[in-house]
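Readers should treat all values here as calculations from the given coordinates under stated rules, not as data from a laboratory. This one's a predicted model, so the numbers in the text were calculated from it and none came from an experiment. As a convention, Cβ positions derive from the backbone with ideal geometry for all residues, glycine included, and neighbour counts pool all protein chains shown.
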Amino acid sequence: MKIIGERINDSRAQVKRAVSERDVAFIRRLAQRQVEAGADWLDVSAGASPQQEPDDLVWLVQTVQEAVDVPLCLDSANPRALAAAIKEVRQTPLINSISGEQMRLDGILPLVRESGCGVIALAMDDKGVPSGVEDRLTAIRPVVDELRRAGLPDERVFVDPLVMAIAANTESGQIALDAIRAVRAEFPDAHLCSGLSNISFGLPVRTLINRAFLTLALAAGLDTAILDPLDRELRKALLAAEVVLGRDRYCLNYTRAYRAGELNGPGAKARHK
Ligand code: THG
């Protein structure tokens, strides 16, 4: 599983403050902590003040790159902000995101074509977020098709099945898992990438639901997740699930985390009998 660290998002109050005050130290620290915790990409999002988004996103990109050496996931629907940010990146980023919505296709396909960046593609279109599995496929097919025509191989496309809140529809979890399997079957070379926070919206102890979903989604074929790498319990669940699925060769990651003391804490047994 590859991890996109989600914390540098100015929908969070602390990040919003840091962006508006240009608090370099805060953002650097947040970048470093997420990378130390295993993030493969860092998501950066600066949509809180739409007028300022291009400047704010460029500042975030520059500030994060001064602190860490991982590629970025540029989280914006604003083509102007994305174009400005792409000019600043040192490593090929992911664009987060395109979809079947005409506005996004018109605005973001040219950026993909020019830059060759990888891209997250949401399984939705102008009709909104689909309610079931088949309409998710119907929404994502033309997007993958357009991306292929723009010269992007499926290996650089990360399909987001769009997980909805279980509190609003009890079947949301099952729909997301079935959508992951269906996209896997139809586009075997594409990646599958999902955020975790929507699923548990409106329920208590959200992190518990997020953990259960991550484990099941991993088994269904999710290979990339946008999550909080600093959530220790989530990381433990992930390490254990990869062991069980046989995706951690010689259980190296698991045993390494154990020796580093990362598996201790709530629920962990004492080290010696
Ligand atoms: N798919 C794609 N991109 C995404 C998402 C997705 N980008 C945004 C989002 N979902 C993932 N990023 C975040 C960033 C911060 C938080 C949640 C998701 C967050 N959550 C609060 C917390 O952890 O404290 C809790 C909820 C809240 O405060 O509202 O900060 O699905 N492609």
Rounded, prolate or oblate for segment 27-134? Axes are the square roots of the Cα gyration tensor eigenvalues, ordered a ≥ b ≥ c, and the cut-off for rounded is a/c under 1.5. prolate
Among SER115, SER97, rank each residue by its count of other Cβ atoms within 10 Å, from fewest to most, as a rough exposure measure. SER115, SER97
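R0 = 35 Å: FRET efficiency of GLU66 with ALA168, Cβ-based, nearest 0.05? Show your work: numbers first, answer last.
Details: r = 41 Å, r/R0 = 1.16.
Calculated value: 0.30.
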Between LEU252 and VAL129, how many nm apart are label points set 7 Å from Cα along the C-beta direction? 3.8 nm
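Indicate the gyration tensor shape class of segment 178-266 (rounded, prolate or oblate), computed on the Cα atoms with a ≥ b ≥ c the square roots of the eigenvalues: a/c under 1.5 is rounded; otherwise a/b larger than b/c is prolate and the rest oblate. Intermediate results must be reported in sequence, preceding the final value.
Working: a/c = 2.48, a/b = 1.21, b/c = 2.04.
Oblate, since a/c reaches 1.5 and b/c is not below a/b.
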Segment 83-216, convex hull of Cα, quarter of hull surface, nm² -> 8.6 nm²
So how compact is segment 190-240: Cα radius of gyration and Dmax in angstrom? 10.4, 34
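Which GluC sites (Glu not before Pro) in segment 127-234 pass both tests, a DSSP loop state and at most 14 other beta-carbon atoms within 10 Å? Walk me through the numbers on the way to the answer.
On the way: sites: GLU134, GLU146, GLU155, GLU171, GLU186, GLU233; in loops: GLU171.
The qualifying sites are GLU171.
Looking at the chain, how many pairs of lysines come closer than 29 Å at the Cα, when each pair is eight or more places apart or spans two chains?
Numbers: LYS2/LYS16; LYS2/LYS87; LYS2/LYS236; LYS2/LYS269; LYS16/LYS87; LYS236/LYS269; LYS236/LYS273.
For the chain, the number of qualifying lysine pairs is 7.
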Cα centroid of segment 133-195 to Cα centroid of segment 56-132, whole Å: 17 Å
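When the convex hull of the Cα atoms of the chain is projected onto a plane and the area is averaged over all directions, what value comes out in nm²?
Hull-based average projected area comes out at 14.9 nm².
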In terms of the alpha carbon gyration tensor, root eigenvalues a ≥ b ≥ c, rounded if a/c is under 1.5 and otherwise prolate when a/b exceeds b/c or oblate, segment 158-209 is prolate
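Sequence gap at least 6, Cα distance under 8 Å: using those rules, report the relative contact order of the chain to the nearest whole percent.
Working: 473 pairs, mean separation 40.8, N = 273.
Result for the chain is 15 percent.
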Expected 222 nm ellipticity per residue - DSSP helices of 4 or more, -39500 (n - 2.57), all of the chain, to 500: -15000 deg cm²/dmol
Formal net charge of residues neighbouring ALA190 (Cβ-Cβ distance under 10 Å; K, R +1; D, E -1): -3
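Report the calculated FRET efficiency for ARG12 and ARG149 (r = Cβ-Cβ distance, R0 = 30 Å), to the nearest 0.05.
Details: r = 37 Å, r/R0 = 1.22.
Calculated value: 0.25.
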Net charge near ALA257, counting Lys/Arg +1 and Asp/Glu -1 over other residues with Cβ under 9 Å of its Cβ? +3
